[in-house]
Amino acid sequence: MCKIEEIKENYKGFSDSKIENIARNESKELRKGVLGILKEEIEKRNLDKKLITWIDAETNTLSDFEKQTLLRNIENLKCPNCGLKENKLIGQEFNTIVSVILFCNNTTENRILCSSCSRNKKIKSFLINVFAGWWSRRGFLLTPYILIKDTINLFYKKKINNRIIAEFIERNNGMFRLQGTDDETLFGLISWHNNDYKISETENGNLKGIKKSTTRS
Ligand SMILES: [Zn+2]
């Protein structure tokens, strides 16, 4: 049996909810042949037809030109935090560490904000880290690392911005295809992204609350 036939057999054995889950969250990573199998299963089982619309939107990747245009539109939106339009929006990473005796919580948040809100949030994270980071064994070891990392990050603002905006565009490809890229849609998606995207690491080193398409790099 060739590989694609094997995949076909596997898909036949999947439950409806697994098929729905793949369609919603993983279609972007599938190659063309497998996408065909997935769509076939959705049709055969009479699952929600919107899943096929979603797969088509997710896999219709934005061109470089579309991405560049989007990038400029994002930069010129009003800030989802302060509501002002005085500075260009930028994507930045905020690391916060809080520890008390045995508890240590290390959080990385990727946010798209205006430069003024970003600066204020950086200062807030810095103060939290300096005052609340040290007070557990793990925090004692981790806090200097985070303070150094944040200092180095100050020199790579543009690189971090490019990474965070690119990730945002990549994650929302399907939404852009279905809902368009007008300012209102973009603003809504950025607000959602800012509330959603958080990587939390607890004392035992487990990562908590990672959303599907976020990766630690
Ligand atoms: Zn702002």
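What follows is calculated from the coordinates using simple rules that are stated; it is not laboratory data. The model shown is predicted, which means the values in this text are computed figures rather than measured ones. With ideal geometry, Cβ positions are generated from the backbone for all residues, glycine too; neighbour counts draw on all protein chains shown.
Enumerate the residues in region 82-118 having an amide nitrogen under 19 Å from the point lying 7 Å beyond the Cα of residue 137 toward its Cβ.
It comes to 98-106, nothing else.
What residues have an amide H closer than 5 Å to that of residue 89, excluding those fewer than 5 places away on the same chain, when H is modeled at 1.01 Å from N in the peptide plane?
76, 77
Taking region 65-208 on its own, what percent of its Cα-Cα pair distances exceed 17 Å? Please list the in-between numbers first.
Details: 6365 of 10296 pairs.
Here the tail beyond 17 Å accounts for 62 percent of pairs.
With +1 on the Cβ of every Lys and Arg and -1 on the Cβ of every Asp and Glu, and nothing else charged, how large is the dipole of region 3-59 about its Cα centre, in debye rounded to the nearest 20?
The calculated dipole for region 3-59 is roughly 80 debye.
Stretched out fully, how many nm does the piece from residue 46 to residue 32 gain, at 0.36 nm a residue minus the Cα gap?
Between residue 46 and residue 32, full extension yields an extra 2.9 nm.
What's the Kirkwood radius of region 3-59 in Å, using all Cα pairs?
11.1 Å
Could you work out how much longer the chain between residue 71 and residue 145 gets when fully extended? Use 0.36 nm per residue separation minus the Cα distance between them, nm to one decimal.
23.5 nm
Once you have the Cα-Cα distance between residue 182 and residue 102, take 0.36 nm times their residue separation minus that, and quote the gain in nm to one decimal.
Once the chain is fully extended between residue 182 and residue 102, it gains 24.1 nm.
Which value in deg cm²/dmol, rounded to the nearest 500, describes the helix-derived mean residue ellipticity at 222 nm for the chain, given -39,500 (n - 2.57) per DSSP H run of n ≥ 4 and division by the residue count?
-18500 deg cm²/dmol
Membrane-span-like helices in the chain: DSSP H runs reaching 20 Å or more (Cα, own axis), mean Kyte hydropathy at least 0.0?
Counting only whole DSSP H runs, the qualifying helices are 115-132, 137-153.
Could you size up the charge dipole of the chain around its Cα centre, putting +1 on the beta carbon of Lys and Arg and -1 on that of Asp and Glu, and report it in debye to the nearest 20?
Numbers: 37 positive and 28 negative charges, 142 e Å.
Dipole size: approximately 680 debye.
Rank 49, 121, 39 by mean-square fluctuation in a GNM of the chain with C-alpha springs under 10 angstrom and give only the top-ranked residue.
49
On a straight-distance basis, which aspartates and glutamates could pair with residue 159 in a cross-link, Cα separation under 19 angstrom, same-chain partners fewer than 8 positions away excluded?
Output for residue 159: 64, 75, 93, 109, 150, 167, 170.
Please list the non-local residues whose amide H lies under 5 Å from the amide H of residue 82, H modeled 1.01 Å from N, same-chain partners needing a gap of 5 or more.
Excluding prolines and chain starts, which carry no amide H, the hits are 114.
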